[in-house]
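Asks: Here it is, the structure, as structure tokens.
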Amino acid sequence: MKTNRRDFLKLSAAAGAVGLASGVKASTNNKPIVVSTWEHGIPANEAAWKILHQGGKALDAVEAGVRVPEGDPAIRTVGYGGYPDANGVVTLDACIMDENMNCGSVAFLQNIKHPVSVARKVMEDTPHVMLVGEGALEFAKSKGFKEENLLTPEAKADWQRWLKEREVQMINIENHDTIGMLALDANGDLSGACTTSGAAYKMHGRVGDSPLIGAGLYVDNEIGAATATGMGELMIKTVGCHLVVEFMRQGATPQQACQQAVERIATKLGDYKAFQVGFLALNKQGQYGAYCIQPGFNYAVQDNSGSQLIDANNLLKG
Ligand code: SD4
């Protein structure tokens, strides 16, 4: 059997997992480290690691990291090349949060390839946290971002096929891949970023959890950070990432905290089995963990011991 890069990474993750016990390293001070959602987290982490391993800031690392899938047309769920909404329009959601509770966010942003960098400008150059739609676009242009068409011919063809059948797309197992990234730098500071084109063929105007501080991303530099992927409505209803961080504050490991947040969703929301939700968390000590509803969610980790892709444990053991 041919072993491809993905299999190799999985194998190395499995080997590492013996000593890892869900991301709990022997050392309680594992820094720098970067973790991110899904397989496309591997090249994204590589970009973040270039900054982190030279002693750079977590904030710079997460921005540089998530820009990789944002700019990659082959990644159909983030930035350029992302699936459009039901009207055939690519609308992007992103946010970023630093170690001082500063945060910035954009939602329903169109024609800008790197929404995370616009979110950072909102954070740094305005008194606000969130800009949406036309206002966000105007702001981005005023900061020198160039407007460009984000709908690739491949994404357009998929949308045209979808138009014929108009099947409602649920975010379940295959059709999602938001990138959420969390980093702890050599200085011991945490930051996070999250960016997505959202649910494929969503209603025009729909905004998910990814740009919402507390739902799709949360960072508390005393405790830890969390990000999410999957059916955003479930994270919004439970303020999921804030919940994960609060569980860590109460003493849970990142792994336990993610599990408890998924269990909260399962307890509170009757329809949870139809959807996928995955949480990923990193604490102040550099311990990490993840948990999801359905099998299939994985996450990428890069630290001084190398790069790994790890399958998250799930509620509905498949
Ligand atoms: C959303 N949470 O818009 C995003 C989609 C997603 O992996 O995570 N996809 O609801």
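Each value in this text was obtained by applying a stated rule to the coordinates, not by laboratory testing. These numbers come from a predicted model, not from an experiment. No Cβ is skipped: glycine too gets one built from the backbone with ideal geometry, and neighbour counts run over all protein chains shown.
Asks: Any chance you could tell me what percent of the C-alpha pair distances in segment 5-314 go past 35 Å?
Replies: Of all Cα-Cα distances in segment 5-314, 12 percent exceed 35 Å.
Asks: Net charge around D220, counting only other residues with Cβ within less than 14 Å of its Cβ (Lys, Arg = +1; Asp, Glu = -1)?
Replies: Result for the neighbourhood of D220: -3.
Asks: Compute the FRET efficiency between A157 and Q54 as 1/(1 + (r/R0)^6), taking r as their Cβ-Cβ distance and R0 = 45 Å, and round to the nearest 0.05. Please list the in-between numbers first.
Replies: Numbers: r = 42 Å, r/R0 = 0.93.
Computed FRET efficiency for A157 and Q54 comes out at 0.60.
Asks: List M248, M101 from most exposed to least, where exposure is judged by having the fewest other Cβ atoms within 10 Å.
Replies: Listed from fewest to most nearby Cβ atoms, that is M101, M248.
Asks: Also, I was wondering about something else. List residues of segment 67-91, by number, whose backbone nitrogen lies under 13 Å from a label position 7 Å along Cα→C-beta of H204.
Replies: 85-91
Asks: Reachable lysines from K268, Cα under 26 Å, same-chain residues fewer than 8 places away excluded?
Replies: List returned: K202, K237, K317.
Asks: Using the basic label-point model (7 angstrom from Cα toward the beta carbon), what is the E138 to S305 distance in nanometres?
Replies: The two pseudo-label positions are separated by 5.1 nm.
Asks: Express in nm, to one decimal, how much length is gained between D125 and E46 on full extension, taking 0.36 nm for each residue of separation and deducting their alpha carbon distance. Before the final figure, lay out the partial values.
Replies: Values: separation 79, 0.36 × 79 = 28.44 nm, distance 2.79 nm.
Separation in residues times 0.36 nm, less the Cα-Cα distance, equals 25.6 nm.
Asks: So, R0 is 41 Å and r is the distance between the beta-carbons of K268 and A74; what FRET efficiency does that work out to, to 0.05?
Replies: Details: r = 36 Å, r/R0 = 0.88.
So the FRET efficiency works out to roughly 0.70.
Asks: Also: Go through 277-283, 150-156 and give me the packing order, highest mean Cβ count within 10 Å leading.
Replies: 277-283, 150-156
Asks: May I ask you to compute the full-extension gain from R249 to E147, defined as 0.36 nm times their residue separation minus their alpha-carbon distance, rounded to one decimal in nm? Don't jump to the answer; show the numbers that get you there.
Replies: On the way: separation 102, 0.36 × 102 = 36.72 nm, distance 4.16 nm.
Roughly 32.6 nm would be gained on extension.
Asks: Now, a different point. Sequence neighbours fewer than 8 away in the same chain don't count; with that in mind, list the aspartates and glutamates whose C-alpha is under 12 Å from K57.
Replies: Filter leaves D98, E99, D185, D189.
Asks: Between R166 and N29, what length in nm is gained on full extension when 0.36 nm per residue of separation is reduced by their alpha carbon distance?
Replies: Length gained, R166 through N29: 44.3 nm.
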